[in-house]
1. Is it the case that some residue within the range 62-76 is modelled with pLDDT of 50 or more, part of a loop (DSSP other than H, G, I, E, B) and on the phi > 0 side of the Ramachandran plot?
2. Of all the residues that make up the range 98-108, how many are surrounded by fewer than 16 Cβ atoms within 10 Å (Cβ to Cβ) and either modelled with pLDDT under 95 or of a type in the set (Phe, Trp, Tyr) (or both)?
3. Is it the case that the range 85-101 has a residue that's part of a strand (DSSP E or B), in contact (Cβ under 8 Å) with a residue 24 or more places away in the chain and within 19 Å of Val34 (Cβ to Cβ)?
4. Would you mention how many residues in the range 126-156 are surrounded by fewer than 21 Cβ atoms within 10 Å (Cβ to Cβ), modelled with pLDDT under 95 and of a type in the set (Val, Ile, Thr)?
Amino acid sequence: MGPNFDEIAEILKIIDASSCDELVIETGDMKLLVRRGSAAAAASATTHDEPAMPIAAAPSITAPSVASAQKPATAPHQIEIVAPMIGTFYRAPSPDAPPFVEIGSMVRKGQPLCLIEVMKLFTTIGSEHDGRIVRIGAENAELVEFGRTLFVIEPA
């Protein structure tokens with residue numbers, strides 16, 4: 001028997017707080033693969049008789065492909081920051097705090113842009129580049145899908 005949901009959530013918290021970019025755990029009937037650091041990265045769990053699916057998804061939900069997610073048009077030099085998982089998008093660290101960024105904000109690589117919450121587990125999404133925010137692709141507290149454009153950055 002593999003780890004339960006609480007154990008997986010604790011592993012994800014530890015990974016989020018560390019500098020680890022990838023973790024693979026295999027048991028007899030399950031493989032847990034956690035990656036971060038790029039738009040294509042997603043946490044997934046598989047068993048030998050079940051297809052891969054994001055941890056954040058309920059069994060009845062399947063993650064759409066990046067191509068089918070909502071994507072506004074961007075200029076060739078602009079960079080999209082996309083949702084690495086299905087979850088609730090939050091622009092601020094708490095309801096009474098100001099948003100992490102606004103349109104026009106200058107950001108540095110690694111600077112927090114938003115939070116995505118999945119079953120009470122919050123993941124901070126940081127900027128992958130230095131630049132200026134030119135578009136915010138989701139409303140506060142909106143459910144976002146894997147691959148959805150959250151921010152568009154014009155490189156500095």
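The values are calculated or read from the model by the stated rules, or taken from the named source; none is laboratory data. Since the model is a prediction, treat every value here as computed from it, not as a measurement. Note that each Cβ is placed from the backbone with ideal geometry, even for glycine, and that neighbours are counted across all protein chains shown.
1. Taking every residue of the range 62-76 in turn, none turns out to be modelled with pLDDT of 50 or more, part of a loop (DSSP other than H, G, I, E, B) and on the phi > 0 side of the Ramachandran plot.
2. Initial filter on the range 98-108 (surrounded by fewer than 16 Cβ atoms within 10 Å (Cβ to Cβ)): 98-99, 102-104, 106, 108.
Still in the running and either modelled with pLDDT under 95 or of a type in the set (Phe, Trp, Tyr) (or both): none.
Of the residues in the range 98-108, 0 are surrounded by fewer than 16 Cβ atoms within 10 Å (Cβ to Cβ) and either modelled with pLDDT under 95 or of a type in the set (Phe, Trp, Tyr) (or both).
3. Narrowing the range 85-101 to residues part of a strand (DSSP E or B): 87-90.
When the remaining residues are screened for being in contact (Cβ under 8 Å) with a residue 24 or more places away in the chain, the result is 87-90.
Subsequent filtering for residues that are within 19 Å of Val34 (Cβ to Cβ) retains 87.
Within the range 85-101, one or more residues are part of a strand (DSSP E or B), in contact (Cβ under 8 Å) with a residue 24 or more places away in the chain and within 19 Å of Val34 (Cβ to Cβ).
4. Number of matching residues: 0.
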